[in-house]
Structure formats: structure tokens, C-alpha cells
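Trainee: Structure below; questions to follow.
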Amino acid sequence: MKNGMFALALVTVGSLSLGGCKAKLEGSLTVNGAPFEVSSCRSGQANGFMGVDLSNEAGATIRLVQTPMNVPQVLYLQGEGAQATVVGTCGSLTIRTQNSTINNIRNVEGNANLQCAGAVTIAGAMSFQNCH
């Protein structure tokens, strides 16, 4: 009986901790005029930069890197393991670190307004929270 109650307590605590850290994504983006449905986000810290990766279900990623001039450097990755296409510095990005960390990666939140015309055209606005 004690083991069952302990297991239930662990599941409950685990569910609460995961539920509190679920990413929140709002807005819409297009890539080359087609809708880009952002399904997940990841803190740039996981890849060694200040910024965020916004990905869709197909594995394509819009990478927003915060430059020292406070302008986002935008890159586009067609899919998992694909070579990044540099779109350029365009639009605006506000990004803040949050207090929470998961696996030593600090969560980030913020918003982006993009009007990028380069090798890939990316446009729209997105807000994000709890990206880790």
C-alpha cells in the first residue's frame, strides 16, 4: 500500500512540474508565403546562442538569434539535420530568460515581429513562453 501511494505521489508531482513548464505559443508566421505552424520552441542556450528555435511538426525550424545590436539574425532549417539558410537580420526580437531551468537550460520567453526577404521570405508575429 505504501509503494502505491508513493508512486501516485511521484506521478502527481511529475505531472504538475511538466504541466507548469509547457510552452505557450501564440501568433502566426509564413515561410515563402505558406503558413508555418509553430508546434514547439527551444531555448537557444541548448545550441549555444541567445535566442529561440521555433519548429513545426515536419521538423523545419526558424532560428532567431539575438545580436548585440538587438536585431534578430534569422536562419531557416528545412528539416532535422538540414543546413541552415541565413535569411538575414530583419524585424524585431524581444527575449528574456525566465527563472526556471530544465536540464541546466534556462527557459526563455518573448516575442518576434518578422519581415524578412532573402533566400527565404519569413513574415509574421509570434510570442512564446517556457521554451527550454
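Trainee: I'd like to verify a number: residues in the range 98-129 that are part of a strand (DSSP E or B), among the polar types (S, T, N, Q) and either crowded, with 20+ Cβ neighbours inside 10 Å or at pLDDT below 95 (or both), how many?
Mentor: 5
Trainee: How about the range 87-132: which of its residues are without any contact (Cβ under 8 Å) to a residue 60 or more places away in the chain and among the β-branched types (V, I, T)?
Mentor: Answer for the range 87-132, where residues must be without any contact (Cβ under 8 Å) to a residue 60 or more places away in the chain and among the β-branched types (V, I, T): V87, T89, T94, I95, T97, T101.
Conditions tested, residue by residue: (1) in a helix (DSSP H, G or I); (2) among the charged types (D, E, K, R).
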{"position": "A46", "(1), (2)": "yes, no"}
{"position": "E57", "(1), (2)": "no, yes"}
{"position": "V65", "(1), (2)": "no, no"}
{"position": "P68", "(1), (2)": "no, no"}
{"position": "V74", "(1), (2)": "no, no"}
{"position": "E80", "(1), (2)": "no, yes"}
{"position": "G88", "(1), (2)": "no, no"}
{"position": "R96", "(1), (2)": "no, yes"}
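The values are calculated or read from the model by the stated rules, or taken from the named source; none is laboratory data. In this text, all values refer to a predicted model and were calculated from it rather than measured experimentally. Note: ideal-geometry Cβ built from the backbone for every residue, glycine included; neighbour counts use all protein chains shown.
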